[in-house]
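Heads up: the structure comes next, in structure tokens.
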Amino acid sequence: MGQQCPRVLDQIGHYRNQIVLAYTDKSKYADEINASNWYDILRRDDVRFGFSNPNDDPCGYRSQMTIQLAEAYYGDDIIYEDLIEANSALAMVYDAANGTYTLNMPASESIDPSAKLMVRSMEMELIAGLDAQEIDYYFIYRSVAEQHGQLFLELPAEIDLSSVAYADTYKTVQVVQANGNLVTGNPVVYGITVPTNARDPEMGLLFVKLVVSPEGQ
């Protein structure tokens, strides 16, 4: 507490993540879904899907951003309305003056998901729901889907929050959490670095090189 943060480094590595749609081979239409039709699959009356609570989990608000970004990418301006607004108390508001979409989150107890939608605070609850076939799909980080051995659909980079090349596109969507915190869409990029005041910077650099190497990955 009270100590100055180490200055940014001489050496830095980056690792990216992305929002994907996870499922199992027992999910409805698992043999049919792809990067061109996933939102139409989720629209089907007999399909249930989920995401984590945007008030509690960054993956939750990033999932909302991905779904909203899909409208412009696919040229379908009611994807968010059909998937989220029709099944909950959540609603995106468009500001034509600055070209942004904003989701103002209600209190968690007021999200009011329909029977089609599962919203949980913890990703493990969604994983359990998928395993129990209570839902067919859920939005999650690719790293989590891989960790749990789940099937997953990669979404286009323009909407999956994975690429710095689309940072200007991502920032057109923002979420105001129930506590008033404003979050703007941005690439899911993690950094690893060696502080300039590290006790053993040479060993630190070797560790960074290991982490970002094929062996470390």
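Bear in mind that the values in this text are calculations on the coordinates, not laboratory data. Fair warning: this is a prediction, and the values are worked out from it, not measured in the lab. Cβ coordinates were reconstructed from backbone atoms using ideal geometry, including for glycine residues, and neighbour counts include every protein chain displayed.
Ordered by the number of other Cβ atoms lying within 10 Å of each residue's own Cβ, fewest first, Lys28, Lys209 fall into the sequence Lys209, Lys28. Taking the dipole about the Cα centre of segment 46-136, with the C-beta of Lys and Arg at +1 and of Asp and Glu at -1, give me whichever of Ala132, Tyr80, Cys59 is farthest to the positive side. Among Ala132, Tyr80, Cys59, the one farthest towards the positive end of the dipole of segment 46-136 is Cys59.
Arranged from fewest to most other beta-carbon atoms within 10 Å of their beta carbon, Leu126, Leu155, Leu206 become Leu206, Leu155, Leu126. When only the Cβ of Lys, Arg, Asp and Glu is charged (+1, +1, -1, -1), the dipole of the chain relative to its Cα centre reaches about 680 debye.
Computed extension gain for Ala35 through Asp112, at 0.36 nm per residue and net of the alpha carbon distance, reaches 24.9 nm. Taking every C-alpha pair closer than 8 Å and separated by at least 6 residues, the mean separation divided by the residue count of the chain gives a relative contact order of 34 percent.
Assigning unit charges at the beta carbon (Lys, Arg +1; Asp, Glu -1) and nothing else, what dipole magnitude in debye, to the nearest 20, does segment 44-86 show about its Cα centre?
Working: 3 positive and 10 negative charges, 45 e Å.
About 220 debye.
A simple spin-label model places the labels of Asn181 and Asn104 2.0 nm from each other, with each point 7 Å out along Cα-to-Cβ. The modelled label-to-label distance for the pair Thr24/Tyr94, using points 7 Å beyond Cα in the direction of Cβ, is 3.9 nm. The value obtained for segment 18-187, namely the Cα convex hull volume divided by the number of residues, is 103 Å³ per residue. From least to most packed, judged by other beta carbons within 10 angstrom and beginning with the fewest, Arg120, Arg199 follow the order Arg199, Arg120. Between the helical axis of 201-212 and the longest alpha-carbon principal axis of the chain there is an angle of about 30 degrees.
Just how large is the dipole of segment 23-116 about the Cα centre, in debye to the nearest 20, putting +1 at every Lys and Arg Cβ and -1 at every Asp and Glu Cβ? Present the calculation step by step, with values, prior to reporting the outcome.
Details: 7 positive and 17 negative charges, 42 e Å.
For segment 23-116, the charge dipole is close to 200 debye.
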